[in-house]
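Below is one structure, written out as structure tokens, with a few remarks after it.
The values are calculated or read from the model by the stated rules, or taken from the named source; none is laboratory data. Note that the structure is predicted; figures quoted are calculated from it, not measured. Glycine gets a Cβ as well: all are built from the backbone with ideal geometry, and neighbour counts include every protein chain shown.
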Amino acid sequence: MDADQNMRVTFLERLNRFVAHVRLEDGTTAQVHVASSGRMTELLTPGIPAEITYNPRPDKKTAGTLTMVANGDTWVSVDTGFPGKLLRTEITNLPPFAGYTRVKPEHKYGDSRIDFFLTADDLPPCLVEVKSVTSVLPDPDGVRVARFPDAPTDRGAKHLRELVKATTEGYRSAVLFMIQRNDADAMGPWDEIDPAFGAELRAAHAAGVEVHAWCLCVAPEKTVIARPVSLRL
């Protein structure tokens, strides 16, 4: 098997927060890195099809990275870093951020590093914090709502407060939820998991922080930004 190979595997179990056990195509098993601190309990179930980037090295304990899993007929990206990598070249193609000509990732603002700082000669400077979403649950009315976070996140709430501060200083600021699957109808905070984040998100929105949510169309062959979804705040 060649290094850096995308490979279909069978997910067996999550051994700890950042390591999973999978069965390879030849029947052997391997440990792979899980690039997410989210719980993803409804996704990471034994026996499901999954994709990894296979890269065994003698100096590493894991033989690759878990990139996506199948949830029924839907592929879900489970790499929280993937949306940020994709947006480095695609963020200004999204209508909310059209017209910006300069993109700076990992911009230092206050006590945080905000994912993107966008500038243009004729537009206000814009801070954009990206949140990766993997969970989708039906509301009582049947609408499939993407939910964030799936584990408490003090860091996420801190980022929202930084964005509110930025708006008072003349910046345009936004939180961009990237839903790493294409079966959501709307996006909203997961108050049952982290009510503090939900409260901070609503307060930030009321204070002028923009909130956007977009689905990815995830597939082993290629993943692309698919469509925006409505908000349920």
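Miscellaneous remarks
- Sole residue being surrounded by fewer than 15 Cβ atoms within 10 Å (Cβ to Cβ), part of a helix (DSSP H, G or I) and at pLDDT 95 or above, chosen from Ala204, Ala199: Ala199
- Residues in segment 115-152 that are free of Cβ contacts under 8 Å to residues at least 40 places away in the same chain, not in a strand (DSSP E or B) and not small (Gly, Ala, Ser): Asp121, Asp122, Pro140, Asp141.
- Against the conditions (1) closer than 27 Å to Val22 by Cα; (2) touching a Cys at 6+ places or on another chain (Cβ under 8 Å), Leu137 satisfies every one except (2).
- Within segment 165-185, tally of residues that are surrounded by fewer than 17 Cβ atoms within 10 Å (Cβ to Cβ) and of a type in the set (Gly, Ala, Ser): 1
- Failed item in (1) part of a helix (DSSP H, G or I); (2) over 23 Å from Gln5 (Cα atoms); (3) out of contact with any strand residue (DSSP E or B) (no Cβ under 7 Å at 6 or more places or on another chain), with Lys85 passing the rest: (2)
- Among the candidates Thr62, Thr29, Thr67, residue that is over 18 Å from Leu176 (Cα atoms), surrounded by fewer than 16 Cβ atoms within 10 Å (Cβ to Cβ), of a type in the set (Ser, Thr, Tyr) and outside the structural domain of Pro124 (by TED's automatic domain parsing): Thr29
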